[in-house]
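Report on the following structure.
The values are calculated or read from the model by the stated rules, or taken from the named source; none is laboratory data. Everything numeric in this text was worked out from a predicted model, so none of it was measured. With ideal geometry, Cβ positions are generated from the backbone for all residues, glycine too; neighbour counts draw on all protein chains shown. Quick note on the areas: whole protein, heavy atoms, side chains included, nothing else; ligands and nucleic acids left out. Shrake-Rupley method; radii C 1.70, N 1.55, O 1.52, S 1.80 Å.
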Amino acid sequence: TPTKSTKTPNRQTSMTPDGLTLQDLVKKVTDQENVISTLINRIKFLATKVNKLESHIIVSERVQEILATDIDLQEQYSRRSCIIVSGLKKNGRHEDITELHQTVVNSLSETGITKTEVGENIDKLHRSGKYDRKSGTQPVIVKFKTLAFKEKVFENRRKAEHPIKISPSLTKRRS
């Protein structure tokens, strides 16, 4: 009986089905482990950066809210001597400011305050807001010279017989 030579294959030189040696496979696995380790470190770094940015966003949102509140306070302060008169018909597309002034004086004098007193205490006025095509009206913002006179008009607003509405001039945030 002939004896077969039973050679044990050398682990270093044995080949895989795709032609790679075991040593080549170990190197490839080690390289892939290094790539994965690098990616994990990069993900941890980016996660830390995201957390810092989220914290920064939260702080920025708080600052923005504080600033918005401050702006609202300043804007409302500037409106303290103003009222909005609604229900006054608009006379034509390009209304004369003198005519508007007279219309407002006549309407506000219905609150029991004299026309002269109303006329002398109006500092500025202009139309602002949406024009209502159906009724032909657009609100008028009236600024008085003093806060006290504005309060006087506002307290007497229910005495007006004309179908006008007198309301405070509020910021969007407060209305």
Checklist entry - Does segment 93-175 come out rounded, prolate or oblate, given a ≥ b ≥ c as the square roots of the eigenvalues of its C-alpha gyration tensor, rounded meaning a/c under 1.5 and, failing that, prolate meaning a/b above b/c? => result rounded
Checklist outcome for this item: Packing-ranked peptide list from 27-34, 136-143, highest mean Cβ count within 10 angstrom first, is 136-143, 27-34
Checklist outcome for this item: Spelling it out for Lys90: with amide H atoms placed in the peptide plane at 1.01 Å from N, the residues 5 or more places away or on another chain with amide H under 5 Å from its amide H are Thr137, Gln138
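What pairs from Lys90/Lys172; Lys115/Lys152; Lys89/Lys145; Lys90/Lys124; Lys90/Lys143; Lys130/Lys152 go past 22 Å between their alpha carbons?
Cα-Cα > 22 Å for Lys90/Lys172; Lys89/Lys145; Lys130/Lys152; rest within.
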Item to check | Geometric extent, Cα atoms of segment 129-175 - Rg, Dmax (angstrom) | outcome: 12.5, 35
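Could you sort the peptides 84-96, 47-59 by per-residue average Cβ neighbour count (10 Å cutoff), highest mean leading?
Numbers: 84-96: 13.7, 47-59: 10.0.
Answer by packing, highest mean first, reads 84-96, 47-59.
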Item to check | Within straight-line cross-link reach of Lys165, aspartates and glutamates at Cα separation under 18 Å, skipping those fewer than 8 residues along the same chain | outcome: Glu110, Asp132, Glu151, Glu155
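How do Phe154, Phe149 stack up against each other in accessible area, from largest to smallest, with a 1.4 angstrom probe?
Largest to smallest exposure gives the sequence Phe154, Phe149.
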Checklist entry - Straight-line reach from Lys52: which lysines have Cα under 22 Å away, leaving out those fewer than 8 places along the same chain? => result Lys44
